[in-house]
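Here the structure comes first, spelled out in structure tokens, and everything after it is commentary.
Laboratory data are not the source of any read-out in this text; all were calculated from the coordinates shown. Please read these numbers as outputs of a predicted model, since none were measured by experiment. Cβ: placed from backbone, ideal geometry, glycine included. Neighbour counts: every protein chain shown.
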Amino acid sequence: MSIFSKCEECIAYHIQNCKEQGCFKDEIVEAIKIAVVVGGSVTYPWARKAIAIIDMLEIE
């Protein structure tokens, strides 16, 4: 929902929580893909930001 609503702070918050809960990168990326399917092409920039946050947090 954060990707669909275009809230970078929310995206970072949720990804950080995913990391703390032990989620893997591929699990988070799958959720991002679903958000893009639902939200359409306008969500691409926010999906890219989410991937950058995942990389910054070094989630494997």
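General remarks:
- Three principal axis extents of the chain based on alpha-carbon atoms, in descending order, are 28, 20, 16 Å.
- Dipole magnitude of the chain about its Cα centre (Cβ charges: Lys, Arg +1; Asp, Glu -1), debye to nearest 20: 280 debye
- Listed residue (15, 43, 29) projecting farthest to the positive dipole end of region 8-56, Cβ model: 43
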